[in-house]
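The values are calculated or read from the model by the stated rules, or taken from the named source; none is laboratory data. These numbers were taken from a predicted model, which means no experiment stands behind them. Neighbour counts are summed over all protein chains in view; Cβ atoms, including those assigned to glycine, are modelled from backbone coordinates with ideal geometry. Each accessible area value is taken on the protein alone, full model and side chains, heavy atoms only, with ligands, DNA and RNA left out. Shrake-Rupley method; radii C 1.70, N 1.55, O 1.52, S 1.80 Å.
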Amino acid sequence: MKNKNSHENLILEYARLSDLYGDAIETGNHKKANKAYDELMAVYQQIKAQGALNSEAFHELLSAPSMGTRLWAATHYLAISNDEAEKVLSALGEVPNSLLAVSAKITLEEWKKGDLTVL
């Protein structure tokens, strides 16, 4: 059970950092965004190493209230269920006046061209 709690804590931290990243991008705070990104990628690697990308808790991030969380979760979910992840990215790409929407569109375009590798 300890392992499950570890997964859940990592996923909660992933959600927090991806939300922080999204807010920083939308407000133009590149230093805050870069710091959040670095921390987010470290947490993502831990989630991936523990096999928690296939967990229900990670899957639920695809419908999180935060655009930043949905963006990153969908990006990282592309390798697991690309149809579902593509739908989330496509919907995010339709949000008006959003830098995260631009990122979602580019991510989806690069994925479909085969130029994006989800690490």
Taking the condition of being modelled with pLDDT of 95 or more and open to solvent by less than 80 Å² (accessible area, probe 1.4 Å), how many residues in region 1-22 meet it?
11
Which residue pairs have Cβ atoms closer than 7 Å, lie 6 or more positions apart in sequence or on different chains, and pair a first residue in region 62-77 that is among the hydroxyl-bearing types (Ser, Thr, Tyr) with a second residue that is not in a helix (DSSP H, G or I)?
Thr75/Val118
Residues Ala52, Ala101: which one is of a type in the set (Gly, Ala, Ser) and out of contact with any Gly (no Cβ under 6 Å at 6 or more places or on another chain)?
Ala52
Could you say which residue among Thr75, Thr27, Thr69, Thr117 is of a type in the set (Ser, Thr, Tyr), open to solvent by 70 Å² or more (accessible area, probe 1.4 Å) and either touching a strand residue (DSSP E or B) at 6+ places or on another chain (Cβ under 6 Å) or at pLDDT 95 or above (or both)?
Thr27
